[in-house]
1. Between LYS129 and GLU195, what is the label-point separation in nm under the 7 Å Cα-to-beta-carbon projection?
2. Give me the percent relative contact order of the range 136-217, please, defined on Cα pairs under 8 angstrom at least 6 residues apart.
3. Quick one: if you stick a label point 7 Å off each Cα along the C-beta vector at LEU25 and ARG202, how many nm between them?
4. At 7 Å along the Cα-to-beta-carbon direction for both GLU159 and ASP246, put a label point, then send me their distance in nm to one decimal.
5. Provide the FRET efficiency to the nearest 0.05 for the ARG86-ASP44 pair, computing r from the beta carbons and using R0 = 22 Å.
6. So what is Rg over Rh here for the range 124-225, counting just Cα atoms and using Kirkwood for Rh?
7. Taking 0.36 nm per residue of sequence separation and subtracting the Cα-Cα distance, how much length would be gained by fully extending the chain between ARG137 and GLU167, in nm to one decimal?
8. What does the extension gain come out to for GLU32 and SER16, with contour length at 0.36 nm per residue minus their alpha carbon separation?
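The values are calculated or read from the model by the stated rules, or taken from the named source; none is laboratory data. Please read all numbers here as calculations on a predicted model, not as lab measurements. Glycine also receives a Cβ, built like all others from the backbone with ideal geometry; neighbour counts cover every protein chain displayed. The protein model used for the area step is the full one, side chains on, heavy atoms only, and it has no ligands, DNA or RNA in it. Shrake-Rupley method; radii C 1.70, N 1.55, O 1.52, S 1.80 Å.
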Amino acid sequence: TRNGEAEGYSIPAQRSACGRKVADLGGEVVREFVDAGASARSADRPGLQALLAYVSEGGVDYVVVHKLDRLARDRADDVMILAKIRTARATLVSVTEQIDETPAGMLMHNIFAGMAEFYASNLGEEARKGIAQKAMRGGTHGVAPIGYRNTLTHIQGQEVKGVAFDEERAEHVRWAFQTYAGGHWSISTLRDELEERGLKSRTTAKYVGTPLNNSQVHRMLSNPYYAGMIRHRELMYNGAHEPLVDNETWYRVQEVLAGRRIAGDRSW
């Protein structure tokens, strides 16, 4: 959703351009398939799979897309999709690219498909570099863990992202670390007590906050973020955020967790 619209601005523009292309081909739109918000890096998308199933039934002359990288960004997926369209005796048409069944058109198809795959791979690599650099500077990538909240302030006209304690949940998380460090509680009993205290995950536009389960409690207790550290690819960096628990408490919790892994939480 962007600017209050379920499809944002991109999909209506693509729909309009595809409609004009169909009209230029002398045809009519018989069915429309949309994967709003889904990445073209994966072929396992409901809209795409529905399209291929519909085309396989026959009676379709053209499959019109706005751009090849809207259909696939993986060469293997591109070959598979194109094969299914051709088997159904339909023709793939791109609104913005000159591709057809001629040798020149097929060459252009391969070039554009290769460019789409390169773009996706390069974008992923650049994103990984950015995440690594942010970790080295002590920055928080993505959504802050429970007990913290992401902040956004404006300083001299610029947006500055940060992290602060979540007043509603921070004290419960701190209590969990201090309590578990004593070595007298199991993960399951700690989880039950946290639920009794009212600790829930954050409510978002898509999810309603719920009590933590055993796995979530274990991940929370294992996360060095609460001791002011950033873990990235097994390396530790000093975080720019304020620690929620002191180092002694955090390391004591890790000792208890390690001991339980050896002895077994249930047998204990």
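1. Modelled inter-label distance: 4.7 nm.
2. So the answer I get is 20 percent.
3. My value for the distance between the label points is 4.4 nm.
4. About 3.9 nm, to one decimal.
5. The calculated FRET efficiency here is 0.55.
6. Rg/Rh for the range 124-225 comes to 1.04.
7. Value of the extension gain: 8.3 nm.
8. Length difference between fully extended and current span is 4.6 nm.
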